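The values are calculated or read from the model by the stated rules, or taken from the named source; none is laboratory data. Computed from a predicted structure; not experimentally measured. Neighbour counts run over all protein chains shown; Cβ positions are idealised from the backbone, glycine included. These area figures cover heavy atoms from the full protein model, side chains too; ligands, DNA and RNA do not enter into them. Shrake-Rupley method; radii C 1.70, N 1.55, O 1.52, S 1.80 Å.
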Amino acid sequence: MKQALYIDCCIRGRQSRTRKLAEAFFAVLPKTWRVTTVNLMLEDLRPLSGEFFARREALLQAGKTDDSRFDRARQLAEADLVVVAAPFWDMSFPSLLKIYIENVSVDGVTFRSTEEGFQGLCAAERCVFLTTRGAAYAPGDPMEQAVPYLRAIQKFFGFGELDCIAADGLDLDGADANALVADACARAAALAQTL
Ligand SMILES: Cc1cc2nc3c(=O)[nH]c(=O)nc-3n(C[C@H](O)[C@H](O)[C@H](O)COP(=O)(O)O)c2cc1C
């Protein structure tokens, strides 16, 4: 069975509009996918610093990429489909997701260094990023730094494609947020049906 990994960074939980996009996506994702959820709010995520960082460096220098410390990295590397749901915060996504990425960026597991540069080691042919934003951002707007960063991560980890689905402008005066979320949910569901 094909493995889908759902990385849930919808910090407002049930109130999260971004999570609605993920629910619409998984409601119609064909049952040929086995879905595993990593709820970042329930993970004991720690930024790399001090002894926590030093221990990781020691493990990597010793080539111990099979240590349980790297379980989440191996899980990501093995997934056939990766779905990330995160709201737009402070011109990007919440730091919780960055800390997850920092911890799964493991040389020899999710990527490796070669003479030609980095080579992604993740199996996923598709990565899907689902988000909602308070304001509206045209593609390429320098104030929107979540999608450009995830495009770099797509290349770094070796995901085949990155699809981004966003509901924009939810918090603007006069916006019909429910309609905007419903439209994005429909786009998320349409994409899921193709997988
Ligand atoms: C801490 C925080 C930071 C935010 N930063 C931005 C921002 O920089 N730009 C923006 O357009 N909206 C920003 N917003 C608004 C959210 O992007 C918007 O309300 C989004 O729909 C929240 O998603 P959620 O319902 O899944 O939590 C921010 C909201 C919060 C709570």
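List of remarks:
- Peptide ranges 10-16, 68-74, 31-37 listed from the most packed, as the mean C-beta count within 10 angstrom indicates: 68-74, 10-16, 31-37
- Three-way shape call for region 49-195 based on the alpha-carbon gyration tensor, with the a/c threshold at 1.5: prolate
- Here the accessible area of region 2-193 is 51 percent carbon and sulfur, with a 1.4 angstrom probe and all protein chains present.
- Rounded accessible area per residue of the chain, 1.4 Å, Å²: 52
- Using the alpha carbons alone, the radius of gyration of region 107-157 stands to its Kirkwood radius in an Rg to Rh ratio of 1.09.
- Selection from 132, 99, 122, by position along the positive dipole direction of region 1-136 (Cβ): 132
- Along the chain, longest interval not containing exposed GluC sites (Glu not before Pro), exposed being DSSP loop plus at most 12 other Cβ atoms within 10 Å: 1-114
- Violating pairs (Cα-Cα greater than 27 angstrom) within the set 31/64; 64/155; 31/98: 31/64; 31/98
- Considered as an equivalent ellipsoid built on the Cα gyration tensor, region 124-188 has semi-axes of 25, 14, 6 Å, the largest given first.
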